[in-house]
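One structure coming up, written as structure tokens, with questions to follow.
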Amino acid sequence: MFYNFIYNLPLWALAAVVLIACIGFSLLVIKVIRLMGWVLAPDEIATATVLHGSISVLNAFTLGLIVVGVQSQYSQVENALLTEASKVGDLYRDLDGLDEPDRLRLQNEVRNYVDSILLQEWPANNRNEQSQETIILRNNLARHVIQMHPTAASALVVQAALIEDVDDMLDAMRRRVFLGQASTSPIMWSILTAGLMITLGLAAMFPMRRTGRQIALMSLAAMMFAMMIFLVVAMDRPMHGCVSVQPDAFRMIKQNILFMEQGR
């Protein structure tokens, strides 16, 4: 429930929540450390500096790996979408090799499928759901292509190409759906949160004569963490939320289909 709430927030609200949480934690840890008397003594600063540097490097490395992984997953969904849309376009074009009434019937199914992708499936995917109407159209289209029984040799060659297009389209669709719904695991979020708390907590233990300067420096550090966490959350689940993969490739295919129909 909490994950769905976070992922459904508008970008400005998500940024505000992450920023307030990180800065609020930094202010809280400064107050607690000063109240408990945990500020480092002069002879402890050198050892603590080395330790804090090591922890900061490890935390930055872990955070960098998470960010790279999220961006890579986002790119893989975009590539799967492009492949899926391209195969749908190939399927529509290859249907020209069939005779009536199969050609007209299947091309109508392809057009309906593209419209359903844009109007039904994408809004549903953005809500982390599936469009049953699109699934039915997809399954019917694949079944009708496979169940054709042409007799002419040329039609058999066309059917083989159509089946290959359908298989490639379905494979790309499965990759898109699977990768688009995947998200960063709770374990990774736990590691990321713990690293943030340890890094800021240890930094707050260093003595500074003026509390205002310490608050300013700690807030700047917290803002850097907040920006990275915001990036991870915003790009996590590439098919869900405000920063999600858009169906531009299918919009292009729809335009191409209209151009082909006008050229007939």
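Are there any helices (runs of 4 or more DSSP H) wholly within the stretch 67-153 with 3 or more residues that are free of Cβ contacts under 8 Å to residues at least 24 places away in the same chain, of a type outside the set (A, V, I, L, M, F, W, C) and farther than 18 Å from M252 by Cβ, and if so which?
Working: elements: 102-116, 122-126, 132-146.
Here the list reads 132-146.
Mind listing just one residue for me: the one in the stretch 78-134 that is basic (K, R) and modelled with pLDDT under 90 and, of those, nearest to H144 (Cα to Cα)?
Step one: filter the stretch 78-134 for residues basic (K, R), giving 87, 93, 103, 105, 111, 127.
If we keep only those that are modelled with pLDDT under 90 as well, we get 103, 127.
Numbers: R103: 11, R127: 30 Å.
By that ranking, first place goes to R103.
Hey, another quick one. Return the pair list, or none, for Cβ contacts closer than 6 Å from residues in the stretch 226-238 that are under 13 Å from L196 (Cα atoms) to residues that are assigned to a helix (DSSP H, G or I), at least 6 apart or on different chains.
Taking only residues 6 or more apart or on different chains, the pairs are A226/V18; A226/L19; A226/C22; M228/L63; I229/V18.
Also, quick follow-up: Can you name the residue in the stretch 71-100 that is aliphatic (A, V, I, L, M) and open to solvent by 10 Å² or more (accessible area, probe 1.4 Å) and, of all such residues, is farthest from the chain's Cα centre (by Cα)?
Step one: filter the stretch 71-100 for residues aliphatic (A, V, I, L, M), giving 77, 80-82, 85, 88, 91, 95, 98.
From what's left, open to solvent by 10 Å² or more (accessible area, probe 1.4 Å): 82, 98.
Details: L82: 15, L98: 39 Å.
Going through the qualifying residues, I end up with L98.
(1) at pLDDT below 90; (2) open to solvent by less than 20 Å² (accessible area, probe 1.4 Å): which one isn't true of S56, the others all being true?
Checking S56 against (1) at pLDDT below 90; (2) open to solvent by less than 20 Å² (accessible area, probe 1.4 Å), the one that fails is (2).
How many of the residues in the stretch 124-170 are open to solvent by 40 Å² or more (accessible area, probe 1.4 Å), closer than 30 Å to N8 by Cα and touching a Ser or Thr at 6+ places or on another chain (Cβ under 8 Å)?
Result for the stretch 124-170: 3.
Would you mention how many residues in the stretch 14-64 are assigned to a loop (DSSP other than H, G, I, E, B) and in contact with a Phe, Trp or Tyr (Cβ under 9 Å, 6 or more places away or on another chain)? Can you show your working first?
Our first condition is that a residue be assigned to a loop (DSSP other than H, G, I, E, B); within the stretch 14-64, this holds for 37-41.
Now restrict to residues that are in contact with a Phe, Trp or Tyr (Cβ under 9 Å, 6 or more places away or on another chain): 39-40.
The total comes to 2.
If you don't mind, another one. Look at R176 and say whether it is open to solvent by less than 30 Å² (accessible area, probe 1.4 Å), assigned to a helix (DSSP H, G or I), among the charged types (D, E, K, R) and closer than 21 Å to Y92 by Cβ. Spell out how you get there, then give the answer.
Details: open to solvent by less than 30 Å² (accessible area, probe 1.4 Å): yes; assigned to a helix (DSSP H, G or I): yes; among the charged types (D, E, K, R): yes; closer than 21 Å to Y92 by Cβ: yes.
Yes: the conditions hold for R176.
Can you tell me how many residues within the stretch 218-242 are open to solvent by 40 Å² or more (accessible area, probe 1.4 Å) and under 16 Å from the mean Cα position of the chain (by Cα)?
Counting residues in the stretch 218-242 that are open to solvent by 40 Å² or more (accessible area, probe 1.4 Å) and under 16 Å from the mean Cα position of the chain (by Cα) gives 4.
Among the residues in the stretch 253-260, are any closer than 30 Å to A80 by Cβ and either at pLDDT below 85 or touching a Cys at 6+ places or on another chain (Cβ under 9 Å) (or both)?
Filtering the stretch 253-260 down to residues closer than 30 Å to A80 by Cβ leaves 253-260.
Keeping just the survivors that are either at pLDDT below 85 or touching a Cys at 6+ places or on another chain (Cβ under 9 Å) (or both) gives 260.
There is at least one residue in the stretch 253-260 that is closer than 30 Å to A80 by Cβ and either at pLDDT below 85 or touching a Cys at 6+ places or on another chain (Cβ under 9 Å) (or both).
Name the one entry in A249, A203, A216, A221 that is assigned to a helix (DSSP H, G or I) and either in contact with a Cys (Cβ under 7 Å, 6 or more places away or on another chain) or free of Cβ contacts under 8 Å to residues at least 12 places away in the same chain (or both). Give the steps one after another, and end with the answer.
Working: A249 fails: either in contact with a Cys (Cβ under 7 Å, 6 or more places away or on another chain) or free of Cβ contacts under 8 Å to residues at least 12 places away in the same chain (or both); A203 fails: either in contact with a Cys (Cβ under 7 Å, 6 or more places away or on another chain) or free of Cβ contacts under 8 Å to residues at least 12 places away in the same chain (or both); A221 fails: either in contact with a Cys (Cβ under 7 Å, 6 or more places away or on another chain) or free of Cβ contacts under 8 Å to residues at least 12 places away in the same chain (or both).
One residue alone meets the criteria, A216.
List every residue pair whose Cβ atoms lie under 7 Å apart, where the two residues are 6 or more positions apart in sequence or sit on different chains, the first residue falls within the stretch 27-42 and is within 18 Å of A216 (Cβ to Cβ) and touching a residue at least 12 places away in the same chain (Cβ under 8 Å), and the second residue, located anywhere, is outside any loop (DSSP other than H, G, I, E, B) and open to solvent by less than 60 Å² (accessible area, probe 1.4 Å).
Filtered contacts from the stretch 27-42: V29/L200; V29/G201; V29/A204; I30/A204; I30/Q214; I30/M218; I33/A204; V39/I33.
I'm trying to understand the selection: among the residues of the stretch 224-246, which are more than 19 Å from V88 (Cβ to Cβ) and part of a loop (DSSP other than H, G, I, E, B)? Break it down into steps so the answer makes sense when it comes.
Filtering the stretch 224-246 down to residues more than 19 Å from V88 (Cβ to Cβ) leaves 224-238, 240-244.
Selection gives D236, R237, P238, H240, G241, C242, V243, S244.
The values are calculated or read from the model by the stated rules, or taken from the named source; none is laboratory data. Worth saying up front: this structure is predicted, and the values here are computed from it rather than measured. Every residue, glycine among them, receives a Cβ derived from its backbone with ideal geometry; neighbour counts consider all protein chains shown. SASA here: full protein model, heavy atoms, side chains in, ligands and nucleic acids out. Shrake-Rupley method; radii C 1.70, N 1.55, O 1.52, S 1.80 Å.
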